[in-house]
Each structure stands twice: as C-alpha cells, then as structure tokens.
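Report on the following structure.
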Amino acid sequence: MAETSEKTTIDPGDRAQMEAGRRVVIHYLEEARALERSLVTNLRAHLAMTPPSDYRERLERHLEETKDHARTIGRRLVALSAHSSLMAVGMGIAQTLTGQAIVMAKGPLDMMRGATVEEKLLRNAKDEVAAEALEIAVYEALEAAAKAIGDEETAKLAASHRGDEEKMLADLRTLIPDLTRAFVAATTTGLSTYATSETPVAKQARSAASGARKAARSAASTARRRRPQTSQGTSSGGNGAKPPIAEYDDLNVQEVNRRVDRLSPAEMRRVATYERANKKRTGVLDHIEGKLADKS
C-alpha cells in the first residue's frame, strides 16, 4: 500500500486548499445524487416487468434504499450550502451524467425488444451490476475526499451508502446464475420459469382493457337512451316503433319473451313491428305470434 505523502494531504489551515477540497466533495455528492435518482427510474422500470420472485424482492428493497440515499444526500448538500458552488461543478456533473445515461437507459430499452421475460430479467440484472459498481466507486471517492478535508459526517454518509450498494451488488451476483439458467431453459425448452401474467405491467394492461370495455358499453347504452324519437314514438332512423320494453336492444330472445308475456296485444304488435325492422329474430316473432293467437 502506498504511504501517505505531503502531495496527498492538504493543509487544514489553508483556506484556499480547504475550499477547493470542499468543492470536490460537493461534486461527488452531486454525482452520487444524480446516480441515485437515475437508478430510481431504472429500478421502477425493471420492477414493472419483473414477476414475483427473489429477484423482485431485492429490487423492491433496493428501490426504497435508493430513494432514501437521494434524500439523505440532498440534506447533506443543503447543510454544506452547496448552492453557492453548483455552477462551479456543473460542467463536471454534466459530463458524468452523459456516461451514466448510457448504462441507465439500456435496461428500459431492452424491455421493449422481443425477448423472453427470462432474457429481459437477465439483461436487467447485468445492467444493475454495472450501475452498482459505478455507485460504489463514486462513494469510495466521496469518502476519501471528505476525509481529506476533515468532513467526517459526509465520510460516514458515503460509507453507509456504499455498504448498501455492496450488499445489492453481492445479491445480484448471487442471483445471476439462477437467472441465466432460467434463460437457458426458456431458450432450449420453450418453458417459462416465471408467471409473467403477475407482473405490474400485465395487471395494468388487463385493468386498462377491462376499463375500455366498460367505457364502450356505457357509451353505447347512453347513445341508445339519447336516440331521438318522433312524437309517434318511432326512431329517427325509421326502424319501426320503439317497443314498450326498457333497453330492448340489449336483451336476448329469452329476456324479450319473458317481458312480452306481460304486455297487451297492442304492445306485442309494436314489439313484433320493431323486431321485423331490426334484428328479425324468429324466436321472438314466433313467440309473439303464438301469444296473439292464444288471446284471439
């Protein structure tokens, strides 16, 4: 291990050196917060496509940790009055985020490809390993920079966050062999390991489809109720006198016939006239003809 030399230490009594060191700390805090925020977005996208499994449980746990990391860093930046120095480190942050964007965007793009769910999960896990390694490196740099200027609180924050990232990295590396075996099995046998119907995306799709069907039925029913009628009770389309049965067009043959049995002969004839002009169901027409014959 290389020994500490005068070139690797700063003079705490030199205000210029301490301020320059503080700017480095703020830079790494901003970089860490940007990484955490990016990972929140990425983890949410991955969770939406991940079925119930050990892998999903770890993603859910780490999403909460990641959101807490971003909040904690934000509070530390406020304590350091970082707003006064943000312009000075802004260019460096932008350059860092350009590289991060490549890693962070890869997972969601993979989710849009025509791969099996097993392949998607494996790709996501590998991308997350890369993101965790990057975060660990940033927190190591932040801890060293903070210690160099005597900022023990920031150094403790960096060490704590790094510990969470190292645990997640270890978990992911433990899971990757199982995810790989599931991918190989799906590729070679065509059998899926996961219940993809239980993913949030699948549930949302089913809910949206159900809502669309209900909305369509409601709109159709409303349109029928609002159909213009002439003073004689005929529809504006000339399709025969509207029968004296509520929501007639929604009823099947058996439902119509049960209601016809309670009508007067004149009302039965109105039903028959409307039926001949529209659906022409022989079951309805024959039933009405029989009932009228019985009453004659």
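Values quoted throughout were computed directly from the atomic coordinates according to the rules given, and no laboratory measurement underlies them. In this text the structure is predicted, and so the values were computed from the model without any measurement. When we count neighbours, we look across all protein chains shown, and the Cβ atoms used for this are built from the backbone with ideal geometry, even at glycine.
Return the long-range amide H neighbours of THR50 (sequence gap of 5 or more, or a different chain), with a cut-off of under 5 Å between placed amide H atoms.
none
Say R0 is 30 Å: what FRET efficiency, to the nearest 0.05, do ALA115 and ALA144 get from their beta-carbon distance?
Rounded to the nearest 0.05, the efficiency is 0.15.
Roughly how many nanometres apart are two label points built 7 Å out from the Cα toward the Cβ at GLU65 and LYS167?
0.5
Sketch the reach of a paramagnetic label on GLN254 as a point 7 Å from Cα along Cα-to-Cβ, and name the residues of region 263-296 whose backbone nitrogen lies under 15 Å away.
Counting only backbone N, you get 283-284.
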